[in-house]
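Note sheet for the following structure.
The values are calculated or read from the model by the stated rules, or taken from the named source; none is laboratory data. In this text the structure is predicted, and so the values were computed from the model without any measurement. Virtual Cβ from ideal backbone geometry, glycine too; neighbours counted across all protein chains shown. SASA here: full protein model, heavy atoms, side chains in, ligands and nucleic acids out. Shrake-Rupley method; radii C 1.70, N 1.55, O 1.52, S 1.80 Å.
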Protein chains: 2
Amino acid sequence: MKKITILGASGSIGRSAIAFLRLHRDKFALDAVAFGRGWETAAAIVEEFGCSAVSFADPQAAEAFRACGRSGGCEVLSGPKASAELAARPVDTVLAAISGSAGFPSVLAAIEAGNRLALANKEALVCGGPQLLVRAKERGAVVVPIDSEHSAIFQCHLAGRPNEVAKILLTGSGGPFRTWSKEAIRRATPADAAKHPNWSMGPKITLDSATLANKGLELIETAYLFDIEESRIEVLINTSSILHSAVHYVDGSLIAMLGAADMRNAIGYGLTWPERLATGVDLIDLARIGRLEFERVDDERFPCLGLARHALHSGQGGTMMYNAANEVAGRLFMKGAIGFTDIPAIIDRCLAGDTARFASDLDHVVTADREAKAFAKSVAERHIAEAA
Amino acid sequence: MKKITILGASGSIGRSAIAFLRLHRDKFALDAVAFGRGWETAAAIVEEFGCSAVSFADPQAAEAFRACGRSGGCEVLSGPKASAELAARPVDTVLAAISGSAGFPSVLAAIEAGNRLALANKEALVCGGPQLLVRAKERGAVVVPIDSEHSAIFQCHLAGRPNEVAKILLTGSGGPFRTWSKEAIRRATPADAAKHPNWSMGPKITLDSATLANKGLELIETAYLFDIEESRIEVLINTSSILHSAVHYVDGSLIAMLGAADMRNAIGYGLTWPERLATGVDLIDLARIGRLEFERVDDERFPCLGLARHALHSGQGGTMMYNAANEVAGRLFMKGAIGFTDIPAIIDRCLAGDTARFASDLDHVVTADREAKAFAKSVAERHIAEAA
């Protein structure tokens, strides 16, 4: 039996992971689960799986859980540091699915404890930078990515050695504005940006898919995770999201991973690596699909990708700022305060300054991230004032 | 330096392999080469690479080589058993590229000697059956296939474990008659069958690509090499021959190998495994290629595939007979003695009898193959007589 801890158990990744564990009750024990405040869901999960520990960011939720009479002797942690405490308990795999910078301390804690990490939190790598992976290596904590693209690259990497990789092919759908003119994109509304062609996801990542800022974050993660310079990462559009990413080897072989647009595949792989088990995802039928279509990204209409490459050249401070600026600008766009093309414009302005000052050691990433976001806010305010 | 022996050094695979070794003179030593009769080519190769041994099937060619004054102290073997003697010399890898059943004894000798085998000879597996791989395992001889499809499957296999494979996807171009009507295929001439859409190959394999008998032989090889029942091997047409084959895993991941239609890729991999080195083959550019199209095989217009599945159910005798009948019927077609659709008809008649009697142990495969071909000839003669 492999012991699993799930951080962010009530989010979409966490729920899919729990559904996966239900398929394989004979192979996995859900040892611990971290929640924000959803104590009723927690009570049901703890009862079902007989977890030994649960954490709540919200102390009142912890109190309600303790009082509900369904905790079954399970240890209860609470408060802002509870998820990190939970992540440090020794298990086989910690699934890190608390999103945003709130998830960083628990990612770091899992690594420090030498737990294998199934990583679904995008910001951890983008903000923590390569030092997070250096620390993981030092602690013997294997990091298996859970994003569908990075899981694909990880799987394709198994067919060769790191020094045999010529190029990584990071694929994307191109988002809802792939065929839109520059002018139409400029006028795009929050409602337009909320329609992803292939994946059903939360509002932030759906917007990030429209700007291609999400592909930019993935490009940064790819560069860090697979220790490869950005010039050797090519972004390719596969409109149907069937080809999830691929690795070009020096001998001319391209090893690709294909599958349904279904997160359960990557989640299952993250939990079962180095094995594979049924995930409930059907095999794809290429004959029925009929064709796969590919095209390059138009950097002029979608400048966020080029900005991510630029950010990478500035190191950890740069990629942290890229993420902060994108988050701040995206929120302003959703509120109607700025236009769609102001998002890359604001990221560009944020990256133009000295971003190195936001670089920090692992213990201060959350503070540095807060400062980067405050800086991005001030830049955005200036941007809006100048446009008025 | 890795020591290499090349059997069939003047054929297309052999020449490509030698060109590959020229790219990596610092990593490989061409230790021994087997020729049929081309002593002048042999002299040039031996001079260039300083080989320690050379063999000629033709004793007169061996004599001419000895007399030419360019042998540089290289050991010379000659006669029908010379290539097998050469294959048994201890090296890192023996590339088996002598085609047809003539290549069988040297394949077996390389395996018996425990040499790693880069296998380009199709008939060896189809005629020798699973026992050849059992023997290889006993002797510690790793078999790396050199056919582009099997090399692809081998590479995709690296991303998982054998028991995690749900299905193998064996791809093919569909051949020159893919879009032809049943009636047009019936009237196809040898000249029509000589035009392969993507690969430039010898006349036999080009005809076998038109009947899809080649895909049938590959299906048999796949079943034997990867120890998988035929019902879990799906044949898929990719008209552009970019997707070279793939492996479906139980978790829903499809790992595929793509590349240019260039044999140097598989040859290089066969010689470098478990590493990869530059092969002179360019990386493919999926954005430039634009699209990949897939379709199923029409079993009615192309019955050779279904016959290969049938042959597999009869074991080694069946697959040996499939190969023999196809070779005999193909030769008759090229001579104009039978029509195109008589090829599967003759294979079908040959498989209808008791094929188990052609099964043989490894030491008698060549004799059994000769008997199978004699039987196929008699069946074909009866077929022609009945049609007249």
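Restricting to region A:166-186, name every residue that is closer than 26 Å to A:Val250 by Cβ and either open to solvent by 10 Å² or more (accessible area, probe 1.4 Å) or more than 10 Å from chain B (Cβ to nearest Cβ) (or both).
The initial filter retains those residues of region A:166-186 that are closer than 26 Å to A:Val250 by Cβ, namely A:166-172.
Selection gives A:Ala166, A:Lys167, A:Ile168, A:Leu170, A:Gly172.
Can you find a residue that is open to solvent by less than 40 Å² (accessible area, probe 1.4 Å), farther than 30 Å from A:Ile255 by Cα and of a type in the set (S, T, N, Q) anywhere in region B:361-374?
No, because not a single residue in region B:361-374 is open to solvent by less than 40 Å² (accessible area, probe 1.4 Å), farther than 30 Å from A:Ile255 by Cα and of a type in the set (S, T, N, Q).
Taking region A:119-138 only, how many residues are closer than 12 Å to A:Val94 by Cβ and either assigned to a strand (DSSP E or B) or over 16 Å from the mean Cα position of the chain (by Cα) (or both)?
Result for region A:119-138: 2.
Can you pull out the residues in region B:194-206 that are of a type in the set (A, V, I, L, M, F, W, C) and either within 14 Å of chain A (Cβ to nearest Cβ) or under 14 Å from the mean Cα position of the chain (by Cα) (or both)?
Going through region B:194-206, the residues of a type in the set (A, V, I, L, M, F, W, C) turn out to be B:194, B:199, B:201, B:205.
B:Met201, B:Ile205, listed by residue number.
Got at least one residue in region B:306-326 being within 14 Å of chain A (Cβ to nearest Cβ) and without any contact (Cβ under 8 Å) to a residue 40 or more places away in the chain?
no
I'd like to check something: does region B:131-140 contain any residue that is within 14 Å of chain A (Cβ to nearest Cβ) and modelled with pLDDT of 95 or more?
no
Does A:Arg291 count as charged (D, E, K, R) and within 27 Å of B:Pro162 (Cβ to Cβ)?
When the stated conditions are applied, A:Arg291 does not pass them.
Which residues, taken from region A:160-211, are in contact with a His (Cβ under 8 Å, 6 or more places away or on another chain), among the small types (Gly, Ala, Ser) and in a strand (DSSP E or B)?
The answer is A:Ala166, and nothing else.
How many residues are of a type outside the set (A, V, I, L, M, F, W, C) and touching a strand residue (DSSP E or B) at 6+ places or on another chain (Cβ under 6 Å) when one looks only at region B:219-234?
Of the residues in region B:219-234, 3 are of a type outside the set (A, V, I, L, M, F, W, C) and touching a strand residue (DSSP E or B) at 6+ places or on another chain (Cβ under 6 Å).
May I ask you to list the residues in region A:245-261 that are closer than 23 Å to A:Leu125 by Cβ and open to solvent by 10 Å² or more (accessible area, probe 1.4 Å)?
Listed by number, the list holds a single entry, A:Ala261.
What number goes with the only condition from (1) in the same structural domain as B:Lys27 (by TED's automatic domain parsing); (2) within 24 Å of A:Gly160 (Cβ to Cβ) that B:Gly79 does not pass?
(2)
Which of (1) within 14 Å of chain B (Cβ to nearest Cβ); (2) small (Gly, Ala, Ser); (3) assigned to a helix (DSSP H, G or I) is the odd one out, the single condition A:Gly216 does not satisfy?
Of everything listed in (1) within 14 Å of chain B (Cβ to nearest Cβ); (2) small (Gly, Ala, Ser); (3) assigned to a helix (DSSP H, G or I), A:Gly216 misses just condition (1).
As an exercise: evaluate A:Asp348 against (1) within 17 Å of A:Gly129 (Cα to Cα); (2) crowded, with 17+ Cβ neighbours inside 10 Å; (3) of a type in the set (Asp, Glu) and give the number of the one condition it does not meet.
(1)
Quick check: is even one residue across region A:280-296 touching a helix residue (DSSP H, G or I) at 6+ places or on another chain (Cβ under 9 Å), over 30 Å from B:Asp285 (Cβ atoms) and of a type outside the set (Ser, Thr, Tyr)? Steps first, please.
Our first condition is that a residue be touching a helix residue (DSSP H, G or I) at 6+ places or on another chain (Cβ under 9 Å); within region A:280-296, this holds for A:280-281, A:292, A:294-296.
Filter once more, keeping what is over 30 Å from B:Asp285 (Cβ atoms): A:280.
From what's left, of a type outside the set (Ser, Thr, Tyr): A:280.
So far as region A:280-296 goes, yes, one or more of its residues are touching a helix residue (DSSP H, G or I) at 6+ places or on another chain (Cβ under 9 Å), over 30 Å from B:Asp285 (Cβ atoms) and of a type outside the set (Ser, Thr, Tyr).
Could you tell me whether region A:351-370 includes any residue that is closer than 30 Å to A:Thr179 by Cα and not assigned by TED's automatic domain parsing to the domain that holds A:Gly100?
Initially, region A:351-370 is screened for residues closer than 30 Å to A:Thr179 by Cα, giving A:351-352.
Next, from what is left, pick out any that are not assigned by TED's automatic domain parsing to the domain that holds A:Gly100: A:351-352.
Yes: one or more hits.
Restricting to region B:288-302, what's the tally of residues that are under 14 Å from B:Asp348 (Cα atoms) and open to solvent by less than 50 Å² (accessible area, probe 1.4 Å)?
1
Hey, can you tell me all the residues within region B:269-283 that are farther than 8 Å from A:Gly252 by Cβ and crowded, with 22+ Cβ neighbours inside 10 Å?
Scanning region B:269-283 gives B:Tyr269, B:Gly270, B:Leu271, B:Thr272, B:Arg276.
Can you pull out every residue in region A:304-337 that is surrounded by fewer than 24 Cβ atoms within 10 Å (Cβ to Cβ) and of a type in the set (S, T, N, Q)?
A:Ser314
Quick one: which of A:Ala102, A:Ala82, A:Ala97 is under 21 Å from A:Ile18 (Cβ atoms), at pLDDT below 95 and not polar (S, T, N, Q)?
Working: A:Ala82 fails: at pLDDT below 95; A:Ala97 fails: at pLDDT below 95.
Exactly one of A:Ala102, A:Ala82, A:Ala97 is under 21 Å from A:Ile18 (Cβ atoms), at pLDDT below 95 and not polar (S, T, N, Q), namely A:Ala102.
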